[in-house]
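First up is the structure itself, then whatever we jot down about it.
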Amino acid sequence: MNDFINKIVELFGTPEYIDSLLHGFLLTIQIAYFAIIIGILLGTIIALIDTAKPSKWLTVPKFICKVYTTIIRGTPMALQLFIMFFIIFAIKGFPSIITAIIAFGLNSAAYTAEVIRGGILSVDQGQVEAGLALGLKRRTIFFKIVTPQAIKNIIPALGNEIITVIKETAIVSMVGMYDLNMAAKDIGSGQNMASYIVPMFVAALFYLTLIYLISFIVKQIEKSLRKSDSRMANE
């Protein structure tokens, strides 16, 4: 136990080790941040197409979205990452971080689309019918009635998806990228540390801290929305 503690002290007391971990952690955050943005934007578009009223203009887009979500959700993230790196973007000099962001963004979009679609469909159809009976346009009903309720419903699931993306970025070390996971491996293989236990433990603390922060923010948003509902009910 004393040796374990001494190794932790040594790690945090060695600038080279801390620089490596921070460099890897920064790459992890960059990939996750931009992938989540892509996932939310593309996922929203897919969900809107999927839940839109059937028409001849949307037949092909709906089919494409269905095939896309089925393939992405039905294949491993690691396989998708390998395909992106060694087939689709196997271009000399192409930035690996861009490839990783696209891979994780496209993967996240498929799951986010299902989360948003579920949130939209969870809104009572009777409210839509009541809006139509009052003479409101479908666009007005969607943005004024459906969207606010759908957002409240999807916050927990969307938070879980964000956390999943952050944790999944650890596999980029499999394609040679120097993320937090790779930094821990690098430190553990050094002569001074000569053990993977301590750097992996510290890397886990980095992940836990970030994920706890995300979870805290999501819970605060949920509380804020519940308070808003309570105020509206009292009024």
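The values are calculated or read from the model by the stated rules, or taken from the named source; none is laboratory data. Here the structure is a predicted model, which is why all the values come from computation and not from measurement. Cβ placement follows ideal geometry from the backbone for every residue including glycine, while neighbour counts extend to all protein chains displayed.
For the range 53-92, the set of residues classified as surrounded by 14 or more Cβ atoms within 10 Å (Cβ to Cβ) and in a loop (DSSP other than H, G, I, E, B) consists of 58, 89, listed by residue number. Please determine whether any residue of the range 93-102 is more than 22 Å from residue 29 (Cα to Cα), out of contact with any strand residue (DSSP E or B) (no Cβ under 6 Å at 6 or more places or on another chain), of a type in the set (A, V, I, L, M) and surrounded by 14 or more Cβ atoms within 10 Å (Cβ to Cβ). Within the range 93-102, none of the residues are more than 22 Å from residue 29 (Cα to Cα), out of contact with any strand residue (DSSP E or B) (no Cβ under 6 Å at 6 or more places or on another chain), of a type in the set (A, V, I, L, M) and surrounded by 14 or more Cβ atoms within 10 Å (Cβ to Cβ). Residue 173 passes every criterion in (1) touching a helix residue (DSSP H, G or I) at 6+ places or on another chain (Cβ under 6 Å); (2) touching a residue at least 24 places away in the same chain (Cβ under 8 Å); (3) over 24 Å from residue 226 (Cβ atoms) apart from (2).
Of the set (1) without any contact (Cβ under 8 Å) to a residue 24 or more places away in the chain; (2) closer than 27 Å to residue 217 by Cα; (3) not charged (D, E, K, R), all apply to residue 122 but (1). When the test is whether a residue is in contact (Cβ under 8 Å) with a residue 12 or more places away in the chain, within 22 Å of residue 177 (Cβ to Cβ) and among the aliphatic types (A, V, I, L, M), residue 42 does not pass it. In the range 138-205, counting only helices (runs of 4 or more DSSP H) that sit wholly within it, the ones holding 1 or more residues that are surrounded by 15 or more Cβ atoms within 10 Å (Cβ to Cβ) and under 21 Å from the mean Cα position of the chain (by Cα) span 147-168, 180-188.
Take the conditions at pLDDT 90 or above, touching a helix residue (DSSP H, G or I) at 6+ places or on another chain (Cβ under 6 Å) and within 30 Å of residue 4 (Cβ to Cβ) and apply them to residue 154. Does it pass?
Judged against the criteria, residue 154 is not a match.
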